[in-house]
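The next block holds one structure in the form of structure tokens; read it before the comments.
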Amino acid sequence: MIFYFSGTGNSQLAARQIAAELDDKLVFINQCLKKGEKGTFHSERALVFVAPIYAWRVPKLVERWIRETKFEGGRDAYFVLTRGGSTQGNAGAYAAKLCEETGLTYRGLVSVQMPENYIALSAAPSERECAAMIARARPIFADLARQIGRGEPFSKAPVSLIGRFLSGPFNPLYYRFYIKDRGFTVSDACVSCGKCVRRCPLNNIELADGKPVWKGSCTHCMACICGCPTEAIEYKSISKGKRRYDILEE
Ligand SMILES: Cc1cc2nc3c(=O)[nH]c(=O)nc-3n(C[C@H](O)[C@H](O)[C@H](O)COP(=O)(O)O)c2cc1C
Ligand code: SF4
Ligand code: SF4
């Protein structure tokens, strides 16, 4: 069974491709989070968790969801992360620890480069570069699916000292000091369509007088800012003039 979380669609694309190659079921974690569902899932096949990498690790909200969810049947757990940068740091070690603590059998973590979506921090590549990156990633997802299908563990990526630092002590500091929704603003371009409200996996947005208000519980997934059809949302001045990256299908 393939479980995926996605802010702007990269991980959705990866998850859909892996599910199609394996002819296996898909579960959209965003919807489970939105509905507050802490369900039980039964599958005799491998569990595959697909998500963006956040601060050099599996996103905290995905870790929490895995901890709160019951998995019956197969115990093998694979992690496929999509990343915008060049390193996954020591993400595998933390995923392995999560598996140990939740009774799953860790079978490896691989990250695959896809377009950067974090416009509250940096810039997304051009449309052409994004298309080229996606084209390069597709055969990698296919190969990962084949490895999962054969029951092989993913090979372990080497981890540098800086990688250990980024996934280790820096990760919680990053969440604590940077992941905040106070920087979001909305302009008069807002047409009160409610898409940002519908998309937020944490139900952190509501409309007041037709405009979004952020309620303080945000994970910086970029679904609201990148999905807004009129580009009415900005993050401080950092996102101004930047291309929005969004391929998420609802
Ligand atoms: C909050 C946040 C943190 C991120 N941290 C990293 C990171 O540590 N390393 C990296 O390579 N990319 C990082 N990225 C980029 C995303 O992981 C990447 O663009 C991903 O493919 C987005 O997937 P999605 O479209 O499924 O949301 C980060 C993006 C966000 C929004
Ligand atoms: S998605 Fe954009 S236009 Fe729609 S309500 Fe939100 S801010 Fe307004
Ligand atoms: S407020 Fe926006 S960035 Fe924050 S979790 Fe919701 S959709 Fe994602």
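The values are calculated or read from the model by the stated rules, or taken from the named source; none is laboratory data. These numbers come from a predicted model, not from an experiment. FYI the Cβ positions are ideal-geometry reconstructions off the backbone, even for glycines, and counts take in every protein chain you see.
Test ALA96 against the stated conditions and say whether it is modelled with pLDDT of 95 or more and away from ligand 2 (no atom under 16 Å from the Cβ). So ALA96 passes the test.
Only a single item in (1) within 22 Å of TYR178 (Cα to Cα); (2) touching a strand residue (DSSP E or B) at 6+ places or on another chain (Cβ under 9 Å) is not met by GLY241, and it is number (2).
Does segment 21-42 contain any residue that is assigned to a strand (DSSP E or B), in the same structural domain as PHE141 (by TED's automatic domain parsing) and within 16 Å of ligand 3 (Cβ to nearest atom)? The answer is yes, given that some residue of segment 21-42 is assigned to a strand (DSSP E or B), in the same structural domain as PHE141 (by TED's automatic domain parsing) and within 16 Å of ligand 3 (Cβ to nearest atom). Per the listing THR82, THR102, the residue uniquely among the β-branched types (Val, Ile, Thr) and under 18 Å from the mean Cα position of the chain (by Cα) is THR82. Any residue at all in segment 240-250 that is within 15 Å of ligand 3 (Cβ to nearest atom), surrounded by fewer than 13 Cβ atoms within 10 Å (Cβ to Cβ), part of a loop (DSSP other than H, G, I, E, B) and modelled with pLDDT under 95? Yes - at least one qualifying residue is present in segment 240-250.
Consider segment 178-231 and keep the residues that are surrounded by fewer than 21 Cβ atoms within 10 Å (Cβ to Cβ) and of a type in the set (Ser, Thr, Tyr). The one that is farthest from GLY9 (Cα to Cα) is SER187. Taking the criterion of being farther than 27 Å from ILE134 by Cα and either in contact with a strand residue (DSSP E or B) (Cβ under 7 Å, 6 or more places away or on another chain) or outside the structural domain of GLY151 (by TED's automatic domain parsing) (or both), the residues of segment 70-97 that qualify are LYS70, PHE71, GLU72, GLY73, GLY74, ARG75, ASP76, ALA96. Kindly check whether there is at least one residue in segment 164-178 that is in contact with a strand residue (DSSP E or B) (Cβ under 9 Å, 6 or more places away or on another chain) and farther than 28 Å from GLY108 by Cα. No, segment 164-178 has no match at all.
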